[in-house]
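The values are calculated or read from the model by the stated rules, or taken from the named source; none is laboratory data. What you see is a predicted model; the values in this text were computed from it and never measured. Note that each Cβ is placed from the backbone with ideal geometry, even for glycine, and that neighbours are counted across all protein chains shown. Only protein heavy atoms, including side chains, enter the accessible area calculation; ligands, DNA and RNA are left aside. Shrake-Rupley method; radii C 1.70, N 1.55, O 1.52, S 1.80 Å.
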Amino acid sequence: MAQYQDALHPDRVDLGERDCLPRWELIRPHLPTTGMILDVGSNLGYYGLKAIGENAGVAVVSVEPDPSTAERQRQLLAEHGTTRICLIEGALDSALATQWAEKCDWFELTLLLAVLHWTDDPGRIVRALSSMSGVLIAEVPDSGDRGACGQSRLRQWADPIAWFREHTGRTVTLLGRVPRHTSSVPSHLIMVSGPISREPTVPYWNYDPLYGPQRQPRTGVDAAPYQMRYDGERVHFAIRGEEVAYRPGVNVVSLMYLGRLLHPEPAYWIQGAAAAVESWPDHGDPMPHNMLWTPTGLSLIDGDDQQGRSTMQASQLSMAHHVTAWATTRPPSARPYRGGCLSPYRRLRRGTGRALRRVVGRKGVARVKRLLGPLG
Ligand SMILES: C[S@@+](CC[C@H](N)C(=O)[O-])C[C@H]1O[C@@H](n2cnc3c(N)ncnc32)[C@H](O)[C@@H]1O
């Protein structure tokens with residue numbers, strides 16, 4: 001069967017039409033030694049497999065929308081028996097990328113190879129993903145390449161370096177011109193690097209504001225609750241002005257919003273979550289939204305935020321429920337994450353308390369509580 005990328009089996013390579021190796025040789029020097037890689041339009045997973053073979057400390061989020069290509073990639077990943085590539089059947093568009101950049105995820109390296117000209121708004125996607133990536137490597141066809149798909153999009157890349165500079169404001173380097181199998185005009189392999197910062201507004205998808213600390217009375221929103229600053233070498237992460245240790249990993253809920261889970265299979269996530277909860281038994285809210293997928297498996301975060309008081313059993317039920325839905329629902333159906341574990345009574349109490357505080361202030365609320373006595 002004709003295939004685009006080389007299929008990397010554990011014991012052999014089935015060559016595809018694409019010249020994968022020359023691209024890999026140009027990308028390889030910029031591979032992180034640890035942390036997370038995002039490969040959008042990953043096809044048969046060639047670059048993800050190369051990356052995990054190169055460095056034991058990296059994990060790859062591999063996103064591929066074409067069902068049959070994604071299924072072939074799934075088979076390859078299963079042959080390798082790896083749990084360091086999470087394969088998701090899904091397509092990235094500018095709305096999804098922009099929403100994602102509002103959350104607290106971060107990638108050491110993002111690959112956008114020969115995929116931007118398939119998307120609805122390449123500029124918005126690059127702006128969003130650059131703001132959440134230490135290094136971003138993209139391949140765009142030459143504007144004069146008549147053999148490339150998405151001809152109407154190509155004109156914008158008459159000067160690819162200037163285009164990436166304009167959309168990212170960062171250092172842009174041409175890693176090389178790379179051959180194309182459908183034309184004699186080579187593509188541009190571009191690297192975006194250097195300092196960048198952003199202020200995510202929420203920690204994860206479908207975050208319930210009642211969970212967090214009180215919002216600013218005047219503006220109604222938290223003032224810069226999160227800050228991610230990349231100095232060109234490492235990431236600095238601050239929560240409400242206080243620097244916290246950055247741990248490489250992607251929020252499990254973010255992965256769920258990218259599309260359908262193909263690999264690793266559900267049991268990996270359910271068992272991994274149980275192990276994470278066992279190793280942090282007094283975590284107050286061990287739900288999927290407080291779990292990172294990392295190169296070493298699932299790991300809990302935000303243990304000090306003891307507001308939820310979920311039980312270990314509730315955590316396991318929630319993980320099993322959401323992972324099953326994640327693995328069975330084809331995108332683009334909406335699959336909102338419902339992770340909040342505040343009971344209706346606590347939600348009402350907290351919501352009323354906040355509304356009252358805004359109107360009568362803290363002292364007023366204290367007075368109302370005294371008046372209500374045990375009811376308050
Ligand atoms: C030209 S191939 C490039 C494959 C691979 N990135 C490479 O460079 O070898 C484009 C790939 O992007 C995928 N794709 C197309 N539109 C996409 C989208 N909106 N989001 C993610 N992937 C997409 C296609 O299914 C295909 O596998």
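Lys and Arg at +1, Asp and Glu at -1: add these up for the other residues within a Cβ distance under 11 Å of TRP118 and post the number.
On the way: positive: ARG153; negative: ASP66, ASP93, ASP120.
Here the charged neighbours net out to -2.
Taking all pairs of distinct Cα atoms, average 1/r, flip it, and tell me the Kirkwood hydrodynamic radius of the chain in Å to one decimal place. Can you show the working numbers first?
Numbers: mean 1/r = 0.0451 Å⁻¹.
Kirkwood hydrodynamic radius for the chain: 22.2 Å.
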Discussion item. Among THR173, ALA275, TYR46, whose Cα projects farthest towards the positive end of the dipole of the chain, with charges put on the beta-carbon of Lys, Arg (+1) and Asp, Glu (-1)?
Written reply: ALA275
Practice prompt. Leaving ligands, DNA and RNA out of it, work out the accessible area of LEU317 with a 1.4 Å probe and give it in Å² to the nearest 10.
Written response: 120
Discussion item. Just to be sure I understand: of the beta bridges DSSP finds with both ends in the stretch 78-196, what percent are antiparallel, rounded to 5?
Written reply: 70
Response to the item:
Once amide hydrogens are built 1.01 Å from N within the peptide plane, the residues lying 5 or more places from GLY176 or on another chain with amide H under 5 Å from its amide H are LEU189
Worksheet item: Among bridges DSSP assigns within the stretch 1-342, what percent are antiparallel (round to 5)?
Response: 60
Worksheet item: Just SER183, SER299, SER143 to compare: in a GNM of the chain, with alpha carbon springs under 10 Å, which one fluctuates most?
Response: SER183
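Measure off, as a whole percent, the carbon and sulfur share of the 1.4 Å-probe accessible area of the chain, all protein chains present. Could you put the intermediate results ahead of the total?
Details: 9240 of 17240 Å².
Percent of accessible area from carbon and sulfur atoms in the chain: 54.
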Worksheet item: Of VAL60, VAL360, VAL253, which is the most mobile in a GNM of the chain whose springs link Cα atoms less than 10 angstrom apart?
Response: VAL360
Discussion item. How large is the accessible surface of LYS369 in square angstrom, using a 1.4 angstrom probe and rounding to the nearest 10?
Written reply: 110
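First select every other residue whose beta carbon is under 13 angstrom from the beta carbon of VAL178; then total the charges, Lys and Arg +1, Asp and Glu -1. Spell out each step's value before the answer.
Details: positive: ARG18, ARG23, ARG177, ARG180; negative: ASP19, GLU25, GLU139, ASP142, ASP145.
That works out to -1.
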Worksheet item: Any idea of the accessible area per residue across the chain, 1.4 Å probe, to the nearest Å²?
Response: 46
Discussion item. Please list ASP121, ASP6, ASP159 from largest to smallest accessible area, probe radius 1.4 Å, with all protein chains kept in place.
Written reply: ASP159, ASP121, ASP6
